[in-house]
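Down below is the structure, laid out as structure tokens.
The values are calculated or read from the model by the stated rules, or taken from the named source; none is laboratory data. Because the structure is predicted, anything quoted here is derived from the model rather than measured. All Cβ positions, glycine included, derive from the backbone under ideal geometry; neighbour counts span all protein chains shown. The accessibility values were calculated without ligands, DNA or RNA, using every heavy atom of the protein model including side chains. Shrake-Rupley method; radii C 1.70, N 1.55, O 1.52, S 1.80 Å.
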Amino acid sequence: MGYENHSFSNDFILLGVFSSSQTSLVFFSFIFLIFIMTITENTVLLLLIFRDVRLHTPMYYPLGHLSFMDILHISNIVPKMISDFLSGGKTISFAGCGFQIFLSLTLLGGECLLLAAMSYDRYVAICHPLRYPILMNKHVSILMARGSWLIGTINSTVHTAYVLHFPFCGSKAIDHFFCEVPAMLKLSCIDTSPYERGVYVSGIIFLLIPFSTISASYVQVLLTVLQMNSSEARKKSFSTCSFHMTVVIMYYGPLIFTYMRPKPYHTPGQDKFLAIFYTILTPTLNPLIYSFRNKDVLLAMKNMLKSNFLIKTMNMNNA
């Protein structure tokens, strides 16, 4: 059977997660609130890093990129979900679907590498503080951040081209809330197992290796913390590490489970549930866990609010 008559210009249908029930309305409201919180938190953090010179350090440079990635990632998915729910439409063009795949894979891959780079920063800062200016300087942090973007983009370009090249012969209904690779593969009418092996290789590079690196760095950090004389410092370090590892597991765990399972073991409900963690929840938690618990960021926010208040007061007096 030939595939030349299968047009790639046809629209797909995103079945989504919402229906017309009251429960879906509550869930929609929750997703909308999370979206607003994520955009606000990460935008505020970017403004703080840009405006406050005390945050112009190697530590905060990758944090700024992480916030920008999170803004792009949630904006790539949630506005379409909201629009479909409000309008009742479910279609997405072939080009729109391809763009979602490309941007999502770029940001997922880039963020996986960036989180590993950030764990290296914390490892050096705690385990080798005297060598920190050499091992983790401005040039190193810039190289890590830009390298994460570049490698993520190259990986995404290859996978997007492969996925969109497959013929989709039957139903164009994607049982997901966005165009994701595992959900797209189910629509193909040819054997995709050779490509899936490539997905496993990418999973090792972007998921298993970074996750192992992060875990190893935190083990070393905890071993160093145990040798500290101050019980207060140990308690603070344990608290920070536990929060960080919780977010890391919430991010990498669902990703590994989604992208490194064989296609027959995927179920739509499970895939959608897992995708919520790395597309919606972790972009909201990242600035809270990595940045807004830091005293330098809190001080920068306090100074920005104070500065804005003084400006408003002066304007009112002049008026």
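List the lysines whose Cα sits under 26 Å from the Cα of LYS80, skipping any in the same chain fewer than 8 residues away.
Within reach: LYS90, LYS172, LYS186, LYS263, LYS272.
I'd like the isolated cysteines in the chain, meaning no second cysteine's beta-carbon lies under 4.7 angstrom from theirs.
CYS112, CYS127, CYS241
Which peptide among 281-294, 153-166 comes first, and what is the full order, when sorted by highest mean count of other Cβ atoms within 10 Å? Could the numbers behind the result be given before it?
On the way: 281-294: 20.3, 153-166: 16.6.
Ranking, from highest mean packing down: 281-294, 153-166.
Using a Gaussian network for the chain with springs between C-alpha atoms less than 10 Å apart, which of these wobbles most: MET260, MET245, MET81?
Comparing MET260, MET245, MET81 in the GNM, the peak value goes to MET245.
Rounding to the nearest 20 debye, state how big the charge dipole of the chain is about its Cα centre with +1 on each Lys and Arg Cβ and -1 on each Asp and Glu Cβ.
Numbers: 22 positive and 15 negative charges, 215 e Å.
The calculation lands at about 1040 debye.
For VAL44, what accessible area in Å² do you get when you roll a 1.4 Å probe over the heavy atoms of the protein chains, rounding to the nearest 10?
In the full protein context, VAL44 sits at about 40 Å².
Can you tell me the dipole magnitude for the stretch 181-302 around its Cα centre, using point charges on the Cβ only (Lys, Arg +1; Asp, Glu -1), in Debye to the nearest 20?
Details: 11 positive and 5 negative charges, 63 e Å.
Using Cβ point charges on Lys, Arg, Asp and Glu, the stretch 181-302 gives about 300 debye.
Only Cα pairs under 8 Å and at least 6 apart count here; give the relative contact order of the chain as a rounded whole percent.
Values: 344 pairs, mean separation 80.5, N = 319.
The normalised contact order for the chain reaches 25 percent.
Which of the aspartates and glutamates could a cross-linker bridge to LYS235, judged by Cα under 16 Å and excluding same-chain residues fewer than eight apart?
none
List the residues, sorted by chain then number, that are 5 or more residues from HIS176 or on another chain and whose placed amide H is less than 5 Å from its amide H.
The list, which skips near neighbours in sequence, is LEU15, GLY16.
Calculate the all-directions average of the projected area of the chain's alpha-carbon convex hull, and give it in nm². Can you show the working numbers first?
Details: hull surface 84.1 nm².
Result: 21.0 nm².
Put +1 on the Cβ of every Lys and Arg and -1 on every Asp and Glu Cβ in the chain; which of MET59, SER171, THR91 then has its Cα farthest towards the positive end of the dipole?
Farthest along the dipole direction, towards plus: MET59.
Using a Gaussian network for the chain with springs between C-alpha atoms less than 10 Å apart, which of these wobbles most: PRO62, PRO167, PRO254?
Among PRO62, PRO167, PRO254, the largest mean-square fluctuation in the Gaussian network model of the chain belongs to PRO167.
Label the stretch 193-319 by shape, choosing from rounded, prolate and oblate, from the square roots a ≥ b ≥ c of the eigenvalues of the Cα gyration tensor; if a/c is under 1.5 it is rounded, and otherwise prolate applies when a/b is larger than b/c, oblate when it is not.
Details: a/c = 3.51, a/b = 1.57, b/c = 2.24.
Oblate, because a/c is 1.5 or more while a/b does not exceed b/c.
Once all Cα-Cα distances of the stretch 57-174 are split into 10 Å bins that start at 0, what whole-number percent is in each one?
Binned Cα distances yield the sequence 12, 34, 26, 16, 9, 3, 0.
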